Amino acid sequence: MKKTYICILTALTVATLSCLPGCSRQGGKDGLTPVTLNEVAHSIFYAPQYAAIELGYFEDEGIDLTLVNGAGADKVMTALVSGDADIGFMGSEASIYTYANGAEDYAVNFAQLTQRAGNFLVAREPDPNFTWDKLEGAKVLGGRAGCRHKLM
């Protein structure tokens, strides 16, 4: 199931970015089309994308990809509307706020990668016999700074 999900996410990312050469700037290095992707945060959730970048899949498709950490949906949206980014990975809230405030040139969300937040439980050491009840009473760090929970 995980391998299927990773393959689908990688294929979606590559397919999405492959459609953009007709919409973006021309004249990149070695004849590649430059595309700037601004993501809301670096996350293990985007691992297939990072693997595709490192393995050269974007270059194979004629794309010179620049990956930028937007550090928040508001900053990703700002990069999109200012032309500093060609693609923004974020939730729909920033698009809704921009549209609701009367912007004439607003972003349109066209794909949904998940139904929920991209949260993962990771550990320092492997536990091949992991069960969720092992977390009872453990301290778990959340994905955001200052977020720490003790599970009861």
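Derivation of every value follows stated rules applied to the coordinates shown; laboratory data play no part. Fair warning: this is a prediction, and the values are worked out from it, not measured in the lab. We place every Cβ from the backbone using ideal geometry, glycine too, and count neighbours over all the protein chains shown.
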- Task: With a point put 7 Å past each Cα toward its Cβ, work out how far Val108 is from Phe120 in nm, to one decimal.
- Result: 3.3
- Task: Assuming R0 = 30 Å, can you tell me the calculated FRET efficiency for the pair Ala71 and Asn129, based on Cβ-Cβ distance, to the nearest 0.05?
- Result: 0.20
- Task: Please give the contour-minus-distance gain from Ala51 to Lys139: 0.36 nm per residue of separation, less the Cα-Cα distance, rounded to one decimal in nm.
- Result: 28.6 nm
